[in-house]
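Asker: Quick one: structure below, then a few questions.
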Amino acid sequence: MSTAIALAVGGVFVVLSAWHLFMALVPTTGRSGAVPSVEGRPLFVPSRRSTLAVAVVLLLFAALVLATAGLLDTGLPRKVLAWLCYALAAGLLGRAIGEFRYVGFFKRVRGSRFATLDTLLYSPLCLVLSGAVAFIARQED
């Protein structure tokens, strides 16, 4: 069962990476709901380079999960991989909880496209991924 979960989680990270790659190559006008906004103005405008960096990091997350489950050989000890997965799970949980203003389940600023997508998709996805990554780490710990 952990193999199936690892493949699913790895697949989600690959799809998210591909989406970020697409967003870097075909930028939108800022109405995509990808970044928090206030009164219709985004809080920041991600650069092409930073969006590509996020895509690479998401691919590395996929590799970490697959390596921890024994599906990819990295040469690193399984214990190290498991602890890196615990750190990833904690980061994903932190993202789901948020910073209490613009991002996460406990955000106060609502009503924007990002806030709606964050409540319905981004934060729940981070919560599920956090649990799944911790489960994979626990299997290999």
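Asker: Of the residues Glu99, Glu140, which single one is more than 14 Å from the chain's Cα centre (by Cα), surrounded by 14 or more Cβ atoms within 10 Å (Cβ to Cβ), acidic (Asp, Glu) and at negative phi? Quick ask: steps written out before the conclusion?
Answerer: Values: Glu99 fails: surrounded by 14 or more Cβ atoms within 10 Å (Cβ to Cβ).
Testing whether each residue is more than 14 Å from the chain's Cα centre (by Cα), surrounded by 14 or more Cβ atoms within 10 Å (Cβ to Cβ), acidic (Asp, Glu) and at negative phi leaves just Glu140.
Asker: Moving on. Going through Leu43, Leu84, Leu52, Leu93 one at a time, which residue ends up being of a type in the set (A, V, I, L, M) and under 21 Å from Ala18 (Cα atoms)? Steps first, answer last, please.
Answerer: Numbers: Leu43 fails: under 21 Å from Ala18 (Cα atoms); Leu84 fails: under 21 Å from Ala18 (Cα atoms); Leu93 fails: under 21 Å from Ala18 (Cα atoms).
Step by step, each of Leu43, Leu84, Leu52, Leu93 is checked, and only Leu52 is of a type in the set (A, V, I, L, M) and under 21 Å from Ala18 (Cα atoms).
Asker: For the range 61-83, name all the residues that are touching a helix residue (DSSP H, G or I) at 6+ places or on another chain (Cβ under 6 Å), loosely packed, with under 14 Cβ neighbours inside 10 Å and not in a loop (DSSP other than H, G, I, E, B).
Answerer: none
Asker: Taking the range 84-104 on its own, how many of its residues are hydrophobic (A, V, I, L, M, F, W, C), free of Cβ contacts under 8 Å to residues at least 12 places away in the same chain and part of a loop (DSSP other than H, G, I, E, B)?
Answerer: Of the residues in the range 84-104, 1 are hydrophobic (A, V, I, L, M, F, W, C), free of Cβ contacts under 8 Å to residues at least 12 places away in the same chain and part of a loop (DSSP other than H, G, I, E, B).
Asker: Being among the aliphatic types (A, V, I, L, M), under 19 Å from Leu72 (Cα atoms) and in contact (Cβ under 8 Å) with a residue 60 or more places away in the chain is the filter here, so list the residues in the range 1-35 that pass it.
Answerer: Scanning the range 1-35 gives Ile5, Ala6, Leu7, Ala8, Val9, Val12.
Asker: What pairs come up if the first residue lies in the range 105-117 and is more than 15 Å from Gly40 (Cα to Cα), the second is assigned to a helix (DSSP H, G or I) and not aromatic (Phe, Trp, Tyr), and their beta carbons are under 6 Å apart, counting only those six or more places apart or on different chains?
Answerer: Every condition considered, the pairs that remain are Phe105/Ser123.
Asker: Yes or no: Leu120 in a helix (DSSP H, G or I) and surrounded by 14 or more Cβ atoms within 10 Å (Cβ to Cβ)? Before you say what the answer is, go through the steps one by one.
Answerer: Numbers: in a helix (DSSP H, G or I): yes; surrounded by 14 or more Cβ atoms within 10 Å (Cβ to Cβ): no.
No.
Asker: Give me the pairs: first residue in the range 123-135 and of a type in the set (Ser, Thr, Tyr), second residue crowded, with 17+ Cβ neighbours inside 10 Å and outside any helix (DSSP H, G or I), beta-carbon distance under 8 Å, and six or more apart or on different chains, which are they?
Answerer: Ser123/Gly98; Ser123/Val103; Ser123/Gly104
Asker: Across the range 1-46, what is the total count of residues that are of a type in the set (A, V, I, L, M, F, W, C) and either buried (at least 16 other Cβ atoms within 10 Å of the Cβ) or outside any helix (DSSP H, G or I) (or both)? Before you say what the answer is, go through the steps one by one.
Answerer: The first filter runs over the range 1-46 and keeps only residues of a type in the set (A, V, I, L, M, F, W, C), leaving 1, 4-9, 12-16, 18-19, 21-26, 34-35, 38, 43-45.
Next, from what is left, pick out any that are either buried (at least 16 other Cβ atoms within 10 Å of the Cβ) or outside any helix (DSSP H, G or I) (or both): 1, 5-6, 9, 12-14, 16, 21, 23-24, 26, 34-35, 38, 43-45.
Total meeting the criteria: 18.
Asker: Test Phe61 against the criterion of being under 16 Å from Pro36 (Cβ atoms) and not acidic (Asp, Glu), and give yes or no. Break it down into steps so the answer makes sense when it comes.
Answerer: Working: under 16 Å from Pro36 (Cβ atoms): no; not acidic (Asp, Glu): yes.
Here the answer is no, as Phe61 does not meet what is asked.
Asker: With Arg49, Arg110 as the choices, which residue is in a loop (DSSP other than H, G, I, E, B) and either β-branched (Val, Ile, Thr) or modelled with pLDDT of 90 or more (or both)?
Answerer: Working: Arg49 fails: in a loop (DSSP other than H, G, I, E, B).
On inspection, the qualifying residue turns out to be Arg110.
The values are calculated or read from the model by the stated rules, or taken from the named source; none is laboratory data. The structure displayed is predicted, hence computed values, not measured ones. Note that we place each Cβ from the backbone using ideal geometry, even for glycine, and neighbour counts take in every protein chain shown.
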